[in-house]
Amino acid sequence: MSDAVSDAPSSRSNASSSAGSDAIDGISPEAAAALAALAGGPAAAGGPEDGYKKVSCIGEGAFGAVWLARRKEDGGHVALKEVPRMRVMGSEKDVRRLWDERAVLLEVTSARKDLAETSTVPPALVGAAVFFATRSCLCFAMDLVEGAPLNDHVRRAGENASGGAIGLTETAACWYACEVASALDWLHRRGWIYRDLKLSNVVICARTGRARLVDFGFARRTDRADSVVGTLHTMAPEVIELGLAAMEEGEGRDEAGNSHSYGSSVDWWSLGVLLFEVLSGTAPFGYHDDVCLEGKTILEKQRKCSILGLPWPDNAARGAGVGDAARKAAAHMLEFHPDRRLGARDGVAELRSDCAFFAACDWTAVMSRDAPGPAFDAELGVTVERAMEHPTRARRQGGGTMPVEDPDPFEGF
């Protein structure tokens with residue numbers, strides 16, 4: 001169970017060492033064609049190492065690093081995610097997760113290109129069109145999102161507030177939650193569960209102030225999932241219960257042999273945690289990160305809050321304030337029973353019809369790519385200019401070239 005909680009990539013902008021350009025060899029014909037389409041011209045000869053120049057590491061996590069990279073063909077920039085093969089060797093689950101991540105990113109991109117669907121794809125979703133496998137890494141060339149994760153904005157708001165930690169305004173919190181909700185709703189209607197929603201996986205674009213949902217490393221296309229992944233302090237009770245059952249009884253089954261699983265309602269729970277954090281500046285159940293050691297503790301806190309109510313900090317009533325409608329919205333998403341959660345039955349339509357807090361949002365603007373987001377601190381986070389001025393290296397090494405498994409589980413990636 002030690003791998004149940006992810007160390008997902010987070011943005012960084014203030015390192016000092018120069019970014020290298022690791023050699024990348026080999027590309028499939030499918031990836032070459034996608035690269036040509038993305039760049040607007042023929043794929044560079046010699047493979048993607050001749051098509052991209054890595055500028056700076058902008059995020060790093062347990063599974064790999066994300067680089068700001070420049071396309072040599074046209075000078076455009078992408079986020080280039082590299083996952084070293086050595087970190088997924090021998091793990092069928094990790095191999096499947098990478099294929100799932102590839103599939104969901106490609107599905108977003110494909111839907112945007114479809115004239116019949118493009119207007120229905122929420123702007124908060126990130127896509128990708130280029131994927132390739134080398135002897136050392138699995139690579140994704142994704143939409144570049146310049147800016148800072150939502151937790152940085154919440155932290156900055158707390159630093160600027162008097163009298164202790166406090167979150168963003170209700171207006172900003174509602175807007176960001178609605179943007180994320182629209183992304184989750186689209187994924188759910190296409191059969192995906194996101195499974196790792198948290199502040200650090202929502203980036204506020206430095207150019208527009210709009211929220212973007214990043215890191216699809218734990219997304220799974222399924223009605224019911226049975227693996228314990230994500231981040232403990234944002235996990236729904238049923239995911240934690242699944243993990244505890246697996247430790248006590250093995251393979252996620254109870255004493256009667258019934259298999260435990262969970263559905264897309266877990267994402268609405270995590271959105272409730274995110275909303276609470278954005279409004280109050282703190283997590284509703286505290287910050288825990290180890291299912292084995294702390295799962296029972298946080299599950300007990302969740303049960304207690306379902307009876308006594310959420311522990312809103314006293315200072316949350318100061319500043320912009322947290323009104324009754326906002327508190328009710330968070331409480332209804334943090335409903336202990338999965339089927340009763342706000343959003344679990346009909347997604348965004350339910351939020352708009354059954355919740356005063358979300359009904360007040362301009363949902364037409366949320367779905368528009370041209371509408372600006374709320375007021376925000378544009379000085380936070382990574383931009384192309386800042387990354388080029390202060391390039392950084394990944395702290396962990398990629399592992400270097402290594403023998404490829406036979407058969408290669410990433411053939412055709």
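The values are calculated or read from the model by the stated rules, or taken from the named source; none is laboratory data. Keep in mind the model is a prediction, meaning the values are calculated, not measured. No Cβ is skipped: glycine too gets one built from the backbone with ideal geometry, and neighbour counts run over all protein chains shown.
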Test Arg303 against the stated conditions and say whether it is in contact with a Phe, Trp or Tyr (Cβ under 8 Å, 6 or more places away or on another chain), part of a helix (DSSP H, G or I) and either at positive phi or without any contact (Cβ under 8 Å) to a residue 12 or more places away in the chain (or both).
-> no
From Val203, Val180, which residue is in a helix (DSSP H, G or I) and within 22 Å of Phe276 (Cβ to Cβ)?
-> Val180
In the range 136-147, which residues are in contact with a Ser or Thr (Cβ under 6 Å, 6 or more places away or on another chain) and closer than 11 Å to Val83 by Cα?
-> Ser136
Going through the range 366-380 one residue at a time, which ones are touching a Phe, Trp or Tyr at 6+ places or on another chain (Cβ under 9 Å) and either among the charged types (D, E, K, R) or under 11 Å from Ile204 (Cα atoms) (or both)?
-> Gly373, Pro374
Can you spot a residue in the range 378-390 that is under 23 Å from the mean Cα position of the chain (by Cα) and of a type in the set (Asp, Glu)?
-> yes
Pull up the range 98-118, narrow it to residues that are out of contact with any strand residue (DSSP E or B) (no Cβ under 7 Å at 6 or more places or on another chain) and of a type in the set (Lys, Arg), then point me to the one that is surrounded by the fewest Cβ atoms within 10 Å (Cβ to Cβ).
-> Lys113
So which residues in the range 210-249 are surrounded by fewer than 19 Cβ atoms within 10 Å (Cβ to Cβ) and assigned to a strand (DSSP E or B)?
-> Arg221
All positions within the range 364-392 that are more than 25 Å from Arg155 (Cα to Cα) and crowded, with 16+ Cβ neighbours inside 10 Å = Met367
Test Ile298 against the stated conditions and say whether it is more than 20 Å from Leu197 (Cβ to Cβ) and either modelled with pLDDT under 95 or part of a helix (DSSP H, G or I) (or both).
-> no
Go through the range 199-247 and count every residue that is of a type outside the set (A, V, I, L, M, F, W, C) and under 14 Å from the mean Cα position of the chain (by Cα).
-> 9
When residues of the range 155-179 are limited to those that are at pLDDT below 95 and surrounded by 24 or more Cβ atoms within 10 Å (Cβ to Cβ), the one farthest from Arg70 (Cα to Cα) | Ile166
Some residue of the range 129-143 being surrounded by fewer than 23 Cβ atoms within 10 Å (Cβ to Cβ), under 17 Å from the mean Cα position of the chain (by Cα) and outside any strand (DSSP E or B) | yes
Yes or no: Glu379 without any contact (Cβ under 8 Å) to a residue 40 or more places away in the chain, closer than 30 Å to Ala62 by Cα and either assigned to a loop (DSSP other than H, G, I, E, B) or not charged (D, E, K, R) (or both)?
-> yes
If you check Leu199 against the conditions, is it of a type in the set (A, V, I, L, M, F, W, C) and modelled with pLDDT under 95?
-> no
Of all residues in the range 322-360, how many are over 16 Å from Gly309 (Cα atoms) and either outside the structural domain of Thr234 (by TED's automatic domain parsing) or surrounded by fewer than 20 Cβ atoms within 10 Å (Cβ to Cβ) (or both)?
-> 13
